[in-house]
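Colleague: I'd like to ask you about the structure that follows.
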Ligand code: RB5
């Protein structure tokens, strides 16, 4: 049985939050960026989604300034369900209802504590399946 791997990536606007989150979640695999020097968010979205698609159990976290660019880029890939959230209630629902495999955070519009709660909730919550499974199959 394959093991679940957790990945995280950000652009420069998400670098600070990513660094803080990694201190709390040291088992998460960091795919960069590694400085606050300007980079292009699609490069990091694609790097992360490539890893997620290698194994159905894998999940990821993407961070850019608003979270919108990362969401758009990640959701272009078949098999990726990326949800942009700014609170832990939504983080729970994107797992329960949408079976999201990527959590997207808005680095410039969320505080560190709320972001930590989002990650913890996202990683702990299971997909509810049932009626939600049928809906996902229609995407
Ligand atoms: C970078 O300045 C910013 O545009 C990016 O982080 C993101 O918010 C794009 O959607």
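The values are calculated or read from the model by the stated rules, or taken from the named source; none is laboratory data. Please read all numbers here as calculations on a predicted model, not as lab measurements. Here Cβ is always computed from backbone atoms with ideal geometry, including for glycine, and neighbour counts include all displayed protein chains.
Colleague: Any chance you could count how many residues in the stretch 39-67 are more than 12 Å from the ligand (Cβ to nearest atom), farther than 16 Å from residue 118 by Cα and surrounded by 19 or more Cβ atoms within 10 Å (Cβ to Cβ)?
Modeller: Result for the stretch 39-67: 4.
Colleague: Could you list, in sequence order, all residues of the stretch 79-128 that are more than 13 Å from the chain's Cα centre (by Cα) and within 16 Å of the ligand (Cβ to nearest atom)?
Modeller: 108, 109, 110
Colleague: Just name the residue that is surrounded by the most Cβ atoms within 10 Å (Cβ to Cβ) out of those in the stretch 20-38 that are in contact with a strand residue (DSSP E or B) (Cβ under 9 Å, 6 or more places away or on another chain) and assigned to a helix (DSSP H, G or I).
Modeller: Residue satisfying both the conditions and the ranking: 21.
Colleague: Which residues, taken from the stretch 68-89, are farther than 21 Å from residue 132 by Cβ and surrounded by 24 or more Cβ atoms within 10 Å (Cβ to Cβ)?
Modeller: Answer for the stretch 68-89, where residues must be farther than 21 Å from residue 132 by Cβ and surrounded by 24 or more Cβ atoms within 10 Å (Cβ to Cβ): just 70.
Colleague: Still on this structure, please answer the following. For the stretch 69-78, how many residues are touching a residue at least 24 places away in the same chain (Cβ under 8 Å) and either within 10 Å of residue 118 (Cβ to Cβ) or within 11 Å of the ligand (Cβ to nearest atom) (or both)?
Modeller: Total meeting the criteria: 4.
Colleague: So, residue 15, is that one modelled with pLDDT of 95 or more, closer than 27 Å to residue 56 by Cβ and either within 11 Å of the ligand (Cβ to nearest atom) or surrounded by 14 or more Cβ atoms within 10 Å (Cβ to Cβ) (or both) or not?
Modeller: In short, no.
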